[in-house]
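The values are calculated or read from the model by the stated rules, or taken from the named source; none is laboratory data. What you see is a predicted model; the values in this text were computed from it and never measured. Glycine also receives a Cβ, built like all others from the backbone with ideal geometry; neighbour counts cover every protein chain displayed.
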Protein chains: 2
Amino acid sequence: MYKRYSKQRTLILEIVKSTHSHPSADWIYNKARKIMTKISRGTVYRNLNQLAENGEINVIKDGDVMKYDGNILRHDHLLCTKCDSVYDINILPKDLDKKVQRLINFDVKQISLTIEGICQNH
Amino acid sequence: MYKRYSKQRTLILEIVKSTHSHPSADWIYNKARKIMTKISRGTVYRNLNQLAENGEINVIKDGDVMKYDGNILRHDHLLCTKCDSVYDINILPKDLDKKVQRLINFDVKQISLTIEGICQNH
DNA sequence: TAACAAATAGGAATCATTCCTGTTTATAAT
DNA sequence: ATTATAAACAGGAATGATTCCTATTTGTTA
């Protein structure tokens, strides 16, 4: 089995990497359509899932919508519940994974801290 | 405006409080139907949202499904990605809210830490 | 250049959740 | 108690993000 690099996947990755705005799949789809008119929703979803599985991008659960993050360095999120904006922040120490792993009998894959509240714009 | 206490809401709250299994709305709906045969899905969802808004129960985002937690004391969650189980754990200090609030210009409402991985059953 | 698995487009299907409407019910005022 | 009324309900339709399906296209290898 070999790995294929389609133009679609490359474009989707570029779009996610090119913004700090933590976009939704739909936002990414619309942005992609401006460049590749005939790209389909299914392709966007499939590639986002695949890129996330490969660890090339991150996923944030924002209510019932998934958002995507090109920043794969460990960091935390501020989520404004009024405007649904997501901001990056660093609260947790970078080695927390290992500390937690020592404390509990659980195969730790990812630690995510989200702070919900209301941002300065309100 | 006054506050109404329907039998349905009381039952739903009791069900959520009576388990540590972090059930989904659908699980709660089915459990409720065994006691109150004609209760509707809409009622379950409406009341879960309302109870969560009042701070009487907590909400956990598990993928694209919401789960509910009768434990409103501050705590963190272990989420097993193989069996979708949620376990309670205490990692963060209880006064983290206040510490974070001092650090950032953001009206902090809730801090949630979720550790994803694979539990002992696998 | 041929063979073939991977990826795609387009659209249908899924499924949790919300919304809508006519009816019932808990509370407050009389 | 009775009545008035807004809150809550049941039942079912609508929504919307995401996944799934199928015939077609496209990268990669031989």
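List every residue pair whose Cβ atoms lie under 6 Å apart, where the two residues are 6 or more positions apart in sequence or sit on different chains, the first residue falls within region B:85-107 and is within 15 Å of A:Ile89 (Cα to Cα), and the second residue, located anywhere, is polar (S, T, N, Q).
Hits for this filter: B:Asn105/A:Gln120.
Name the single residue, out of those in region B:1-13 being at pLDDT 95 or above and under 12 Å from B:Asn54 (Cβ atoms), that is farthest from DNA strand D (Cβ to nearest atom).
Among those residues, the one meeting the criterion is B:Leu13.
Mind counting the residues in region B:14-52 that are within 13 Å of DNA strand D (Cβ to nearest atom) and outside any helix (DSSP H, G or I)?
Number satisfying all stated conditions: 5.
Here are some conditions: (1) within 10 Å of DNA strand D (Cβ to nearest atom); (2) on the phi > 0 side of the Ramachandran plot; (3) not small (Gly, Ala, Ser). A:Lys67 meets all but one. Which one does it not meet?
That leaves (2) as the condition not met.
With respect to A:Val100, determine if the residue is in a helix (DSSP H, G or I), of a type in the set (Val, Ile, Thr) and within 16 Å of DNA strand D (Cβ to nearest atom). Give the derivation first.
On the way: in a helix (DSSP H, G or I): yes; of a type in the set (Val, Ile, Thr): yes; within 16 Å of DNA strand D (Cβ to nearest atom): no.
Taking the combined requirement at face value, the residue does not satisfy it.
Looking at A:Tyr68, is it buried (at least 18 other Cβ atoms within 10 Å of the Cβ), within 22 Å of B:Val65 (Cβ to Cβ), under 16 Å from the mean Cα position of the chain (by Cα) and of a type in the set (Ser, Thr, Tyr)? It would help to see each step written out before you state the result.
Details: buried (at least 18 other Cβ atoms within 10 Å of the Cβ): yes; within 22 Å of B:Val65 (Cβ to Cβ): yes; under 16 Å from the mean Cα position of the chain (by Cα): yes; of a type in the set (Ser, Thr, Tyr): yes.
Against the criterion (buried (at least 18 other Cβ atoms within 10 Å of the Cβ), within 22 Å of B:Val65 (Cβ to Cβ), under 16 Å from the mean Cα position of the chain (by Cα) and of a type in the set (Ser, Thr, Tyr)), A:Tyr68 qualifies.
Quick check on my filter: what residues within region B:71-100 are within 21 Å of A:Gly117 (Cα to Cα), surrounded by fewer than 16 Cβ atoms within 10 Å (Cβ to Cβ) and at pLDDT below 90?
Matches in region B:71-100: B:Pro93, B:Lys94, B:Asp95, B:Lys98, B:Lys99.
Search region A:55-67 for residues that are more than 10 Å from chain B (Cβ to nearest Cβ) and pair each with any residue that is among the β-branched types (Val, Ile, Thr) and within 13 Å of DNA strand C (Cβ to nearest atom) when their beta-carbon atoms are under 8 Å apart and the residues are at least 6 apart or on different chains.
none
Those residues that are surrounded by 13 or more Cβ atoms within 10 Å (Cβ to Cβ) and near DNA strand C (Cβ under 9 Å from one of its atoms), I need them from region A:1-32; list them, please.
The answer is A:Gln8, A:Arg9, A:Leu11, A:Ile12, A:Ala32.
Residue by residue through region A:24-35, note down the ones that are closer than 16 Å to A:Met66 by Cα and either charged (D, E, K, R) or out of contact with any Asp or Glu (no Cβ under 9 Å at 6 or more places or on another chain) (or both).
In the first step, residues of region A:24-35 are kept if they are closer than 16 Å to A:Met66 by Cα; the result is A:24-30.
Scanning region A:24-35 gives A:Ala25, A:Asp26, A:Trp27, A:Ile28, A:Tyr29, A:Asn30.
Read through the list (1) buried (at least 19 other Cβ atoms within 10 Å of the Cβ); (2) in contact with a strand residue (DSSP E or B) (Cβ under 8 Å, 6 or more places away or on another chain); (3) modelled with pLDDT of 95 or more, then give the number of the only condition that B:Val44 fails.
Here B:Val44 clears every test but (2).
Only residues that are outside any strand (DSSP E or B) and modelled with pLDDT of 90 or more: list them for region A:103-115, please.
To start, the set of residues in region A:103-115 that are outside any strand (DSSP E or B) comprises A:103-106.
Correct list: A:Phe106 only.
Regarding region B:77-91, can at least one residue be identified that is touching a Gly at 6+ places or on another chain (Cβ under 9 Å), away from every other protein chain (no Cβ under 14 Å), more than 12 Å from DNA strand C (Cβ to nearest atom) and assigned to a loop (DSSP other than H, G, I, E, B)?
No, region B:77-91 has no match at all.
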